[in-house]
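No lab work stands behind these numbers, since they all come straight from the coordinates. All figures in this text were calculated on a predicted structure; none of them were measured in a lab. Here the Cβ is made from the backbone with ideal geometry for all residues, glycine too, and neighbour counts use every protein chain on show.
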Amino acid sequence: GAVVSQHPSWVICKSGTSVKIECRSLDFQATTMFWYRQFPKQSLMLMATSNEGSKATYEQGVEKDKFLINHASLTLSTLTVTSAHPEDSSFYICSARDSWTGGRNTEAFFGQGTRLTVV
Amino acid sequence: QKEVEQNSGPLSVPEGAIASLNCTYSDRVSQSFFWYRQYSGKSPELIMSIYSNGDKEDGRFTAQLNKASQYVSLLIRDSQPSDSATYLCAVNEYSSASKIIFGSGTRLSIRP
């Protein structure tokens, strides 16, 4: 499968600071990237969908001013958690996929995830 | 509200047996279906994708799709302890701007 690299794999930050998470597709062009959050023993929660060159589409209840998403190129998307608080501590995962193939959407591949702890 | 439903489990299967995981979806126009495996503390990894009605086999894994019944399943033959994980069913609409909708996952436990 295609490779998606997410960095950092874990980060600890102080309350009130901002954290940037990078998601890169290494061997394909990711026209669409998704950002998820997952709390322990819970399912994936989609935060936003971003298409290269466009503004991200946020899911209901996700604050766009707090979770800034940039998808400036076909291989890189970033998620910045601004003014982080302890309740933002979670496992953040990106996934990426290429455009149509044969008239149907292709699979999405996941990055390794970033475990954020806000103290 | 488009939904993907899975039994949360845990599903306990003896080693060497067949594990059967099921998923139903609500959106009839869905065209692409995926199974992901997620180990505890790790991100999901793609196991299978299926687009047409019928069976698709890959090693010990077989995905089955029935669009009329809006049902997709995953069979794991000769189950191994390393198969113990949460299995996520995912569905994508037939649209370039669509998002992938995940089920909440089924926890599978293979007992030696």
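For residue B:12, neighbours were defined as the other residues whose beta-carbon sits under 15 Å from its Cβ, and their charges (Lys and Arg +1, Asp and Glu -1) total 0. Taking a ≥ b ≥ c as the square roots of the eigenvalues of the alpha carbon gyration tensor, the range A:10-72 is rounded, as a/c is under 1.5. Ignoring the sites themselves, chain A has its longest run without trypsin sites (Lys or Arg not before Pro) in a DSSP loop having at most 12 other Cβ atoms within 10 Å at A:56-119.
Taking a Cβ cut-off of under 11 Å around residue A:89, the surrounding Lys, Arg, Asp and Glu residues balance to a net charge of 0, with basic ones at +1 and acidic ones at -1. Take each residue in B:43-53, count the other chain C-beta atoms within 10 Å of its C-beta, and the mean is 4. Legend: ranking of residues B:13, B:4 from fewest to most surrounding C-beta atoms inside 10 Å; resulting order B:13, B:4.
For residue B:42, a cut-off of 27 angstrom between C-alpha atoms picks up these lysines, skipping any fewer than 8 places away in its own chain: A:14, A:20, A:41, A:64, A:66, B:2, B:56, B:99. Please work out whether the range A:2-119 counts as rounded, prolate or oblate from its C-alpha gyration tensor, where a ≥ b ≥ c are the square roots of the eigenvalues and a/c under 1.5 means rounded, while otherwise a/b larger than b/c means prolate and anything else oblate? In terms of gyration-tensor shape, prolate. When peptides A:2-11, B:51-60 are ranked by their average number of other Cβ atoms within 10 Å per residue, the highest-first order is A:2-11, B:51-60. Once you order the gyration tensor axes a ≥ b ≥ c over the Cα atoms, which shape class does the range B:21-79 get: rounded for a/c under 1.5, otherwise prolate or oblate by comparing a/b with b/c? Cα axes put the range B:21-79 in the oblate bin.
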